[in-house]
1. Show the residues, 5+ positions off or on another chain, whose built amide H is closer than 5 Å to the amide H of ARG73.
2. Step through the residues of segment 214-223 one at a time and calculate ³J(HN,Hα) from phi using the Karplus curve (6.51 cos²θ - 1.76 cosθ + 1.60, θ = phi - 60°), rounding each to whole Hz and writing x for Gly and Pro.
3. Using each residue's phi in segment 87-94, evaluate 6.51 cos²θ - 1.76 cosθ + 1.60 at θ = phi - 60° and report the 3J(HN,Hα) Karplus result to the nearest Hz, with x for Gly and Pro.
4. Over the alpha carbons of segment 1-103, what is the largest minus smallest coordinate on each principal axis, giving the biggest first in Å?
5. As a test of the formula, what do you get for the chain when each DSSP H run with n ≥ 4 contributes -39,500 (n - 2.57) and the sum is divided by the residue count, at 222 nm and rounded to the nearest 500 deg cm²/dmol?
6. Whole number in Å², please: accessible area per residue of the chain, 1.4 Å probe, ligands, DNA and RNA not counted.
7. How high is the relative contact order of segment 18-87, given as a whole-number percent (alpha carbon pairs under 8 Å, six or more residues apart)?
8. What is the projected area of the convex hull of the Cα atoms of segment 41-99, averaged over all directions, in nm²?
Amino acid sequence: MNYKTIVVHVDATPQAHERVVLAGIIARSQQAHLIGTATAPLSNLYEARRSIVDALGRFDTQSRSIDVSCERRLSDHDPQTNLILQARQADLLVLSQSIPHGDDGGQPRHLPEYVALHAGRPILVVPHTGTYQHLDQHALIAWDGSQAATRAVTDALPLLRHSLRITLVMFPPTPQSSIHAGKPGADIAMFLARHGVQVQVMEHTVMLGMSVGESLLSLAEELNADLLVMGAYGHPRWNEIVLGGATRTLLRSMTLPVLMSH
């Protein structure tokens, strides 16, 4: 199984270039169709709408330079609604981390969080700084036996099959976790092996004074991981998003691309 349709969020921010580059690399490796989607409500000023159209033009240039099947889509919806609708007709959505305590360049705050909890599809969140040219060297899977982690592992299979090394790190079960069947880690490792994905299983000990999310980022740096796979924990409440601690930490302080499923 490969991804067949990948959607990438396009806007006029500087971060758009890196996420389009990474989405194009994935599309090429998966032989997938790449869709660049942007939003420009009709109420926008002409200059703002023009900048979005120009951004889609840059998407065309980037995509064609690496020879992938692509198309662009301009929506009148708000970014959250548009990305959710586009994601539901795709295998993967690529978007950027929100810029903490800074100018978001027009991207709504908490966009990844909102889309992760509503889209029903996996999202790949790219850090707002740095360059990411590959996801196939060392993948780190955060596993606690939960429904969200299970979905993330399954959704990540097309990427995991291309990774040279994969480490599955065990977390203690949480209230959101299902009961582990058999020996912890052994069953999910066997499941992945049957899909052609070999993993090294290790237990995770959260260091004193660190949260689970912080400890996970520290481990990713120690292992020189280039992809983190994890469940997105949280729920919408009225007009706000309530996230689990590890999810909140990763989306705020991420240092590598993270594939999340809810």
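The values are calculated or read from the model by the stated rules, or taken from the named source; none is laboratory data. Remember, it's a predicted structure, so these values are computed and weren't measured experimentally. SASA here: full protein model, heavy atoms, side chains in, ligands and nucleic acids out. Shrake-Rupley method; radii C 1.70, N 1.55, O 1.52, S 1.80 Å.
1. GLY36, THR37, ALA38
2. Whole-Hz 3J(HN,Hα) from phi for segment 214-223: 5, 5, 5, 5, 5, 5, 4, 5, 4, 8.
3. In residue order, the calculated couplings are 4, 5, 10, 9, 8, 7, 10, 10 Hz.
4. Principal axes ranked by extent give 41, 28, 27 Å for the Cα atoms.
5. Roughly -11000 deg cm²/dmol at 222 nm, from the helical runs in the chain.
6. So the chain comes to 47 Å² accessible per residue, rounded to a whole number.
7. Working: 83 pairs, mean separation 30.0, N = 70.
After rounding, I find 43 percent.
8. Mean shadow area of the hull around the Cα atoms is 5.1 nm².
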